[in-house]
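Okay, structure first, notes after.
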Amino acid sequence: VMNVILVPRIGYYGSAWATLGAYAVMMLLSFYLGQKHYPLPYKMKEIGSYVLVASVLYLIHRMLPFEGIFKHLAGAVAILIYLIFILRTEKTLILKLTHFGNRNHK
């Protein structure tokens, strides 16, 4: 239905938005039904913080007045900032999974 409405108006972008909408609906239904029948304790605050930080970095990158190589370098810096954020947030889990925190590991 979204393709029929959007494609004639905005072309391929309409198809992209329709696909995004369909996937969003499927994700929300899967989450709802999964929680209803097989509840899992998702860490919603952490997931939300990842989405929020990524969105803010993306918006800052989009608003930068740079072009060309400087825009790409700014994007690389944004990815590095995001990676550092994830590493700091998940530090305990990463150490536990990689055994870096256990010096006696053989």
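The values are calculated or read from the model by the stated rules, or taken from the named source; none is laboratory data. It should be emphasised that the depicted structure is a prediction, and the values quoted were computed from it without experimental measurement. Positions of Cβ are generated from backbone atoms using ideal geometry, with glycine treated the same way; all protein chains shown enter the neighbour counts. Ligands, DNA and RNA are stripped out before the accessible areas are found, and what is left, the full protein with its side chains, is counted by its heavy atoms. Shrake-Rupley method; radii C 1.70, N 1.55, O 1.52, S 1.80 Å.
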(message) Being open to solvent by 100 Å² or more (accessible area, probe 1.4 Å) and not in a helix (DSSP H, G or I) is the filter here; which residues of region 29-40 pass it?
(response) Tyr38
(message) So Met26 ticks every box in (1) assigned to a helix (DSSP H, G or I); (2) surrounded by fewer than 10 Cβ atoms within 10 Å (Cβ to Cβ) but one. Which box is left unticked?
(response) (2)
(request) Report yes if Ala54 is open to solvent by less than 70 Å² (accessible area, probe 1.4 Å) and in contact with a Leu (Cβ under 7 Å, 6 or more places away or on another chain), otherwise no. (result) no
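Looking at region 41-48, can you tell me whether even one residue there is of a type in the set (D, E, K, R), open to solvent by 80 Å² or more (accessible area, probe 1.4 Å), in a helix (DSSP H, G or I) and closer than 30 Å to Thr92 by Cα? Give the steps one after another, and end with the answer.
Residues of region 41-48 of a type in the set (D, E, K, R): 43, 45-46.
Retained after the next criterion (residues that are open to solvent by 80 Å² or more (accessible area, probe 1.4 Å)): 43, 45.
Within this subset, residues satisfying the condition of being in a helix (DSSP H, G or I) are 45.
With closer than 30 Å to Thr92 by Cα added as a condition, the list becomes 45.
The answer is yes, given that some residue of region 41-48 is of a type in the set (D, E, K, R), open to solvent by 80 Å² or more (accessible area, probe 1.4 Å), in a helix (DSSP H, G or I) and closer than 30 Å to Thr92 by Cα.
Could you list, in sequence order, all residues of region 1-19 that are under 28 Å from Ala76 (Cβ atoms) and either open to solvent by 100 Å² or more (accessible area, probe 1.4 Å) or of a type in the set (S, T, N, Q) (or both)?
To start, the set of residues in region 1-19 that are under 28 Å from Ala76 (Cβ atoms) comprises 13, 16.
Correct list: Tyr13 only.
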(message) Condition first: surrounded by 12 or more Cβ atoms within 10 Å (Cβ to Cβ) and more than 23 Å from Met44 (Cα to Cα). Now tell me which residues in region 57-76 satisfy that.
(response) Ile60, His61, Leu64, Phe66, Lys71, Ala74, Gly75
